[in-house]
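Contents: one structure, followed by commentary.
Just so it is clear, none of the values below were taken in a lab; they were calculated from the coordinates. On a predicted model such as this, the values are computed, not experimentally measured, just so you know. Counting neighbours? That spans all protein chains shown, and the Cβs are built from the backbone with ideal geometry, glycine included.
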Amino acid sequence: MLKIGVIGCGAIGKEHIRRLTHLIPAAEVVACSDYFIETAEETAQLYGIKTVYKTGEELISAPEVEAIVITSVDATHASYVLAAVRMGKQVFCEKPLAQTADDCEKIIAKEVLQQRKLVQVGFMRRYDPGYAEMKRIINSGELGAPLMIHACHRNVSQGKGFTSEMGITNVAIHELDICRWLLGEEYKQAQVLKVRQSACSAKGYDNPQIVLLEGENGSRIDIELQVADAYGYDIQCQVVCEKGTINLPDPTSVIMRSNARCSVGLLTDWADRFIEAYDIELAEWVKNALAGRVAGPSSWDGYAACVVADVLNRSRGKNEFLPVVMMDKPELYK
Ligand code: NAP
């Protein structure tokens, strides 16, 4: 049994506590904390969690907590991850690993110092059966080399305080990871472009934006990013290979015929769209954490996504590609 402490009892924090509690018999959530203690107390009551800690730091150092799940807001991730690694505890951190590549480097340095991988990043799309099948086909070589990816991320709304930069570091970060994973290569250069703005998007941030990337083998990727005001939560991905294309399947949905129309419902949020991916992701993390290993997306993957996110945000308004420069990959992650 893996005894887990969860930091951050908001939307995804509660979702993960629910799946750890009800779907994963080898996991027990023994502690939780939140910026607002009332939120943590309510969550503890809802899921029968024994202990509520006032701070994430107290939870991380609590002796009964063997592994940590970080589901607090982005700005808090890096310091909680560092504290957990310092304690030598396994940690699952929701994306992004940090808000800058510099902070990811500090986490990598700590793991390298301990000669031990302890961190998994919440890039759950790698566990989605659709993306996994795309990866299998690419790796099989059946369709030849991948040449291009056309991707799109359309969402309904964002919370207060959202910025153009967060469109990259918080939202497109999923695409930055999954495209890199599908292609099996790092990025060479990147830029973000502002396009004609949607009339209903005058909220103080760029929407839509287009991300352009070049892989180190010359593949090209375009990502349409509509973080708000879209018709639903719609994630698309097409990989163009030498001998054919591979498309991410849409989630299963019944087809209704009525009033001389044929229609299919669309999902409106990430929790439903990727429910299966999250279930598999956390079950795998628990299994591997119990065996003392990290088999999913590592600190290196979190770092790689943050490096390109930093480059993209620096490129805003410049109208040119900027190079993506990464540190040498430590032996630990090879
Ligand atoms: P949320 O609903 O705002 O929840 C975040 C929670 O963290 C809130 O309860 C917040 O409290 C709390 N918090 C803020 N500062 C804290 C601190 N210093 N220590 C402990 N708790 C703190 O946001 P969310 O949608 O659940 O997102 C949480 C994280 O998960 C984000 O990093 C996000 O990027 C990630 N996420 C990932 C996915 C995915 O697809 N993998 C999907 C959704 C979210 P207050 O509300 O009281 O400030």
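Considering only segment 1-27, state which residues are of a type in the set (A, V, I, L, M), away from the ligand (no atom under 16 Å from the Cβ) and either in contact with a Ser or Thr (Cβ under 9 Å, 6 or more places away or on another chain) or assigned to a helix (DSSP H, G or I) (or both). Break it down stepwise before answering.
Initial filter on segment 1-27 (of a type in the set (A, V, I, L, M)): 1-2, 4, 6-7, 11-12, 17, 20, 23-24, 26-27.
With the extra rule that they be away from the ligand (no atom under 16 Å from the Cβ), the set shrinks to 1-2, 23-24, 26-27.
If the condition is that a residue be of a type in the set (A, V, I, L, M), away from the ligand (no atom under 16 Å from the Cβ) and either in contact with a Ser or Thr (Cβ under 9 Å, 6 or more places away or on another chain) or assigned to a helix (DSSP H, G or I) (or both), then 27 is the only one that fits.
For segment 47-93, name all the residues that are in contact (Cβ under 8 Å) with a residue 40 or more places away in the chain, away from the ligand (no atom under 13 Å from the Cβ) and of a type outside the set (Val, Ile, Thr).
Scanning segment 47-93 gives 62, 64, 66, 67, 90.
So residue 245 passes all but one of these: (1) surrounded by fewer than 18 Cβ atoms within 10 Å (Cβ to Cβ); (2) within 16 Å of the ligand (Cβ to nearest atom); (3) not hydrophobic (A, V, I, L, M, F, W, C). Which condition number does it fail?
Unmet for residue 245, out of (1) surrounded by fewer than 18 Cβ atoms within 10 Å (Cβ to Cβ); (2) within 16 Å of the ligand (Cβ to nearest atom); (3) not hydrophobic (A, V, I, L, M, F, W, C): (2).
Looking only at strands (runs of 3 or more DSSP E) that fall completely inside segment 60-127, which ones have 1 or more residues that are over 15 Å from the mean Cα position of the chain (by Cα)?
Values: elements: 67-70, 90-93, 119-121.
Counting at least 1 such residues, we get 67-70, 90-93.
Please list, ordered by first then second residue, the pairs with beta carbon atoms under 8 Å, 6 or more apart or interchain, first in segment 19-34 and under 15 Å from residue 63 (Cα atoms), second more than 16 Å from the ligand (Cβ to nearest atom) and assigned to a strand (DSSP E or B).
Correct list of pairs: 28/2; 28/3; 30/3.
Restricting to segment 308-324, and then to whatever is more than 16 Å from residue 206 (Cβ to Cβ) and touching a strand residue (DSSP E or B) at 6+ places or on another chain (Cβ under 8 Å), can you tell me which residue is surrounded by the most Cβ atoms within 10 Å (Cβ to Cβ)? Even if it seems obvious, please write down each step before you answer.
In the first step, residues of segment 308-324 are kept if they are more than 16 Å from residue 206 (Cβ to Cβ); the result is 308, 310-311, 320-324.
Then drop every residue that is not touching a strand residue (DSSP E or B) at 6+ places or on another chain (Cβ under 8 Å), which leaves 308, 311, 320-324.
On the way: 308: 26, 311: 22, 320: 7, 321: 15, 322: 16, 323: 10, 324: 20.
Ranking the qualifying residues of segment 308-324, first place goes to 308.
Quick one: in segment 273-300, which of the residues that are assigned to a loop (DSSP other than H, G, I, E, B) and either among the polar types (S, T, N, Q) or within 15 Å of the ligand (Cβ to nearest atom) (or both) is surrounded by the most Cβ atoms within 10 Å (Cβ to Cβ)? Before the answer, list the steps.
Narrowing segment 273-300 to residues assigned to a loop (DSSP other than H, G, I, E, B): 274, 291-298.
Of the ones still in play, those that are also either among the polar types (S, T, N, Q) or within 15 Å of the ligand (Cβ to nearest atom) (or both) are 274, 296-298.
Values: 274: 23, 296: 20, 297: 25, 298: 22.
The residue in question is 297.
Can you tell me how many residues within segment 37-46 are within 10 Å of the ligand (Cβ to nearest atom), buried (at least 20 other Cβ atoms within 10 Å of the Cβ) and aliphatic (A, V, I, L, M)?
Step one: filter segment 37-46 for residues within 10 Å of the ligand (Cβ to nearest atom), giving 37-40, 43.
With the extra rule that they be buried (at least 20 other Cβ atoms within 10 Å of the Cβ), the set shrinks to 40, 43.
Still in the list and also aliphatic (A, V, I, L, M): 40.
Final tally of qualifying residues: 1.
If we keep just the residues of segment 21-59 that are farther than 19 Å from residue 121 by Cα and of a type in the set (Gly, Ala, Ser), which is farthest from the chain's Cα centre (by Cα)?
Result: 48.
Give the residue that is nearest to the ligand (Cβ to nearest atom), with candidates limited to residues of segment 94-139 that are surrounded by 16 or more Cβ atoms within 10 Å (Cβ to Cβ) and among the acidic types (Asp, Glu).
94
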